[in-house]
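Working notes, beginning with the structure itself.
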Amino acid sequence: MPEGKKILLSGTQPSGRLHIGNYLGALRQFVELQKTHESFFMIADYHALTSVQDGGKLAENTLNLAMDYLAIGIDPEESVIFKQSDVPEHMELAWIFNCITTMPYLMRAHAFKDAEAKNKEISVGKFEYPMLMAADILLYETEVVPIGQDQKQHVEITRDTAEKFNRIFGETFVLPAPLILDEVATVPGIDGRKMSKSYGNDIGLFADDGEIESKVMSIVTDSKGVGETKDPETCTVFALHKFFSQNELPDIERRYRDGSMSYKESKEILAKNLKDFIAPLREKRKTFERDHDRVIEILKKGGAFARERAQKKMADVRLKVGTTLY
Ligand code: TYM
């Protein structure tokens with residue numbers, strides 16, 4: 001574990017399989033950033049409990065996400081990989097944050113407003129979600145939080161919460177900053193909306209060739225035929241080419257504009273490039289699928305390391321809020 005480097009923490013919910021939006025928007029950065037930061041990569045299982053309410057499924061998703069982290073290149077020798085529930089201090093700190101945060105403030109959160117607008121039933125856990133995320137980040141003196149655009153507001157709430165705590169109880173928390181890659185802030189799904197498990201418009205990061213082909217071929221486009229000029233900037237297939245077809249990009253763009261490329265051909269190129277990109281990831285993942293014990297050991301070790309850190313921070317927090325009597 002490198003000393004004297006900036007501390008970085010990010011997390012992913014084990015609420016289903018990873019998709020290429022998660023990878024391009026956030027996880028891909030982890031691999032590079034772990035070389036220059038003291039890094040914590042968390043599996044947010046208590047966050048996922050707001051949507052996955054099947055014990056077997058949550059446990060399975062958690063193990064799967066640990067394997068995904070390892071398969072994309074997070075190195076357990078260099079970084080801490082842990083699951084949130086192994087560090088109960090996250091829940092303790094979240095409660096303290098609940099007590100200094102008002103309902104109207106949390107009601108301004110996008111996720112809450114979206115759910116309310118859709119008349120969804122909102123659990124107390126979902127409402128308080130940003131408080132637990134603030135605890136995840138602030139417990140480790142995190143300075144950098146690599147995320148996709150959709151999580152930006154959560155980091156802003158985290159900063160506000162840290163400032164508020166510091167104001168009430170004295171200087172305690174470092175203010176973290178989000179790290180969002182502009183070009184991949186929001187990766188579109190096959191229907192053009194943000195790629196998301198909950199919209200069912202995602203392409204799995206470890207998808208097999210059959211799934212890649214069928215998903216890519218069903219990407220929604222306008223109805224322009226061969227010979228017609230097409231606008232690359234509004235085309236979801238082209239948006240994905242930007243990530244997976246970099247070498248051919250100028251040529252594809254030119255052919256969109258001069259009308260010589262059909263959407264079918266464009267999709268075939270994308271499917272091929274995606275298959276080439278995913279195949280080695282799938283292979284690497286297999287090595288961990290064959291060795292669950294090793295994955296569990298990595299999680300246990302990461303959890304113990306993270307907990308030690310979190311306990312130190314909580315000792316200070318408890319002192320400040322007045323729950324330490326002896
Ligand atoms: P989650 O599990 O929804 O997503 C994990 C990461 O993937 C990014 N992402 C995307 N980026 C670009 N385009 C997309 N279509 C796309 N879909 C997802 C997300 O922005 C995220 O960075 N609340 C978090 C998990 C969390 C966390 C934390 C993150 C819990 N505690 C502490 C950072 C720090 C979430 O639900 O991410």
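The values are calculated or read from the model by the stated rules, or taken from the named source; none is laboratory data. Note that the structure is predicted; figures quoted are calculated from it, not measured. Cβ placement follows ideal geometry from the backbone for every residue including glycine, while neighbour counts extend to all protein chains displayed. These accessible areas exclude ligands, DNA and RNA; they are computed on the full protein's heavy atoms, side chains included. Shrake-Rupley method; radii C 1.70, N 1.55, O 1.52, S 1.80 Å.
Cβ-Cβ under 6 Å, sequence separation 6+ or interchain: first residue in the stretch 313-326 and within 14 Å of HIS90 (Cβ to Cβ), partner assigned to a helix (DSSP H, G or I). Which pairs?
Final answer for the pair search is MET314/GLU89.
How about the stretch 60-78: which of its residues are open to solvent by 10 Å² or more (accessible area, probe 1.4 Å), in contact (Cβ under 8 Å) with a residue 40 or more places away in the chain and assigned to a loop (DSSP other than H, G, I, E, B)?
Those that are open to solvent by 10 Å² or more (accessible area, probe 1.4 Å), in contact (Cβ under 8 Å) with a residue 40 or more places away in the chain and assigned to a loop (DSSP other than H, G, I, E, B): GLY73, ASP75, PRO76, GLU78.
Could you please find all residues in the stretch 30-56 being open to solvent by 50 Å² or more (accessible area, probe 1.4 Å) and in a loop (DSSP other than H, G, I, E, B)?
Hits for the stretch 30-56 are LYS35, THR36, LEU49, SER51, GLN53, ASP54.
If I go through the stretch 145-172 residue by residue, how many of them are within 14 Å of the ligand (Cβ to nearest atom) and either open to solvent by 20 Å² or more (accessible area, probe 1.4 Å) or of a type in the set (Phe, Trp, Tyr) (or both)?
Qualifying residue count, the stretch 145-172: 7.
With the checklist (1) open to solvent by less than 60 Å² (accessible area, probe 1.4 Å); (2) within 12 Å of the ligand (Cβ to nearest atom) in hand, flag the one item ILE219 doesn't pass.
(2)
Residue by residue through the stretch 310-326, note down the ones that are open to solvent by 70 Å² or more (accessible area, probe 1.4 Å) and within 11 Å of TYR140 (Cα to Cα).
Within the stretch 310-326, GLN311, LYS312 meet the criteria.
Working only within the stretch 239-271, note down all residues that are open to solvent by less than 10 Å² (accessible area, probe 1.4 Å), in a loop (DSSP other than H, G, I, E, B) and closer than 19 Å to VAL184 by Cβ.
SER245
Any idea how many residues of the stretch 15-39 are over 10 Å from the mean Cα position of the chain (by Cα), closer than 20 Å to ILE298 by Cβ and either within 9 Å of the ligand (Cβ to nearest atom) or of a type in the set (Gly, Ala, Ser) (or both)?
Of the residues in the stretch 15-39, 1 are over 10 Å from the mean Cα position of the chain (by Cα), closer than 20 Å to ILE298 by Cβ and either within 9 Å of the ligand (Cβ to nearest atom) or of a type in the set (Gly, Ala, Ser) (or both).
Return the pairs, sorted by first residue and then second, in which the second residue is among the small types (Gly, Ala, Ser) and more than 8 Å from the ligand (Cβ to nearest atom), the first residue lies in the stretch 2-27 and is closer than 14 Å to ILE137 by Cβ, the beta carbons are less than 6 Å apart, and the residues are 6+ apart or on different chains.
Qualifying pairs under 6 Å: LEU8/SER39.
Any residue at all in the stretch 32-42 that's farther than 19 Å from ARG307 by Cα and in contact with a helix residue (DSSP H, G or I) (Cβ under 8 Å, 6 or more places away or on another chain)?
Checked against the condition, which is being farther than 19 Å from ARG307 by Cα and in contact with a helix residue (DSSP H, G or I) (Cβ under 8 Å, 6 or more places away or on another chain), the stretch 32-42 yields no hits at all.
Quick test of your reading of the structure: ILE81 fulfils all but one of (1) within 12 Å of the ligand (Cβ to nearest atom); (2) part of a strand (DSSP E or B). Name the failing condition by number.
Against the list (1) within 12 Å of the ligand (Cβ to nearest atom); (2) part of a strand (DSSP E or B), ILE81 comes up short only on (1).
Testing HIS90 on (1) open to solvent by 10 Å² or more (accessible area, probe 1.4 Å); (2) within 12 Å of the ligand (Cβ to nearest atom), one condition comes back false. Which one is that?
Condition (1) is where HIS90 drops out.
Quick check on my filter: what residues within the stretch 33-73 are among the β-branched types (Val, Ile, Thr) and over 22 Å from ALA135 (Cα atoms)?
THR36, ILE72 - these are the residues of the stretch 33-73 that are among the β-branched types (Val, Ile, Thr) and over 22 Å from ALA135 (Cα atoms).
Could you tell me whether GLY210 is open to solvent by less than 80 Å² (accessible area, probe 1.4 Å) and on the phi > 0 side of the Ramachandran plot?
No; evaluated as a whole, the condition is false for this residue.
How about the stretch 180-207: which of its residues are touching a His at 6+ places or on another chain (Cβ under 9 Å), open to solvent by less than 40 Å² (accessible area, probe 1.4 Å) and outside any loop (DSSP other than H, G, I, E, B)?
GLY204
Looking only at the stretch 4-14, decide whether some residue is part of a helix (DSSP H, G or I), closer than 16 Å to ASP75 by Cα and within 11 Å of the ligand (Cβ to nearest atom).
no
Here is a list: THR229, THR287, THR236. Which entry is crowded, with 17+ Cβ neighbours inside 10 Å, of a type in the set (S, T, N, Q) and on the phi < 0 side of the Ramachandran plot?
After applying the criteria, what remains is THR236.
Take ALA134 and decide whether it is small (Gly, Ala, Ser) and either within 9 Å of the ligand (Cβ to nearest atom) or outside any helix (DSSP H, G or I) (or both).
Yes.
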